[in-house]
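*Asks:* Got a structure here, written out as structure tokens. Questions coming.
Read-outs throughout are calculated quantities, based only on the coordinates presented, and are distinct from any laboratory measurement. What you see is a predicted model; the values in this text were computed from it and never measured. Ideal geometry is used to build each Cβ from the backbone, glycine not excepted, and the neighbour counts take in all protein chains shown.
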Amino acid sequence: MSSVEQTYISCPYCGETFDTVVEVLDEDQQYTEDCYVCCRPIVFKVQVAINGDWNVMVFRESDA
């Protein structure tokens, strides 16, 4: 089962905070999207707990 969720993140490069949409799946995932402000690649790591709670962490491409 998956769901689409809206969340706020801060770009690890420019620090700008913006809202984005993530698809939360039944398992952890990682993907890359460009920052809407500075256009640098942000690595998103979506972690899903057994109870369905989820968390998004963002990293610079070189730190992931």
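*Asks:* Which peptide among 40-48, 53-61 comes first, and what is the full order, when sorted by highest mean count of other Cβ atoms within 10 Å?
*Replies:* My ranking of the peptides, most packed first, is 40-48, 53-61.
*Asks:* Which value, in nm² and rounded to one decimal, describes the direction-averaged projected area of the C-alpha convex hull of region 3-63?
*Replies:* The Cα convex hull of region 3-63, projected and averaged over all directions, gives 3.9 nm².
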